[in-house]
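I have placed the structure first, in the form of C-alpha cells, so that the comments after it can refer back to it.
What follows draws every value from the coordinates through simple rules; no lab data is involved. Remember, it's a predicted structure, so these values are computed and weren't measured experimentally. Here Cβ is always computed from backbone atoms with ideal geometry, including for glycine, and neighbour counts include all displayed protein chains.
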Amino acid sequence: MMDPTCFSFKKISEKNGVSIYYTNPAKGKQSVDSNEISEFYENAVKKIYHKKWIWIFDSYEYDLAYGLDIKSGIEFTNLLINKYGDNLLEVKIINPIIPIKLILKAAMPFIDKAITDRIKMLTDRYYSVIEFM
C-alpha cells in the first residue's frame, strides 16, 4: 500500500454537488516513480469518478524535474480522458511553471476538444488554494 503523504490530492470543498479537488505535486514527497504516481491518482480518481468534480492543479514550487516527467503527465491525461473524463467539469491550472505550459501546449492538438475546452490555465497572477474553497 502506498503512503498517501507521498502525494497531494485532496478534496477542498463541495459546492452545489460539485466536488473540488486540489493537487500541488510540490507538497508531496518527491521520492516516488511515475508508476506509483499513476497508480495513486488512478485509485484516487476511481473513488470519485461517479460525481461531478473540478480539479485545481497548482504547480507553485513544482520541481523542474517533475515538470518534465512527460510519461506521468501523458498517463494521467489518458486516465482522465479515457476513463473518468465525463464527470470532470474543469481543470484549473494555477501558478503554472514553464514546462507545464509547454507540455500542455504540445499536447492540446492531440486531446479531444470537449476535454481541452475544460482546461483553464490561469496565468495572470499568483493564485492561492483558499480562493477555490
What distance in nm separates the simple spin-label points at residue 107 and residue 121, each placed 7 Å from Cα in the Cβ direction?
1.1
Which value in nm describes the separation of the simple spin-label points at residue 16 and residue 114, placed 7 Å from the Cα toward the beta carbon?
2.1
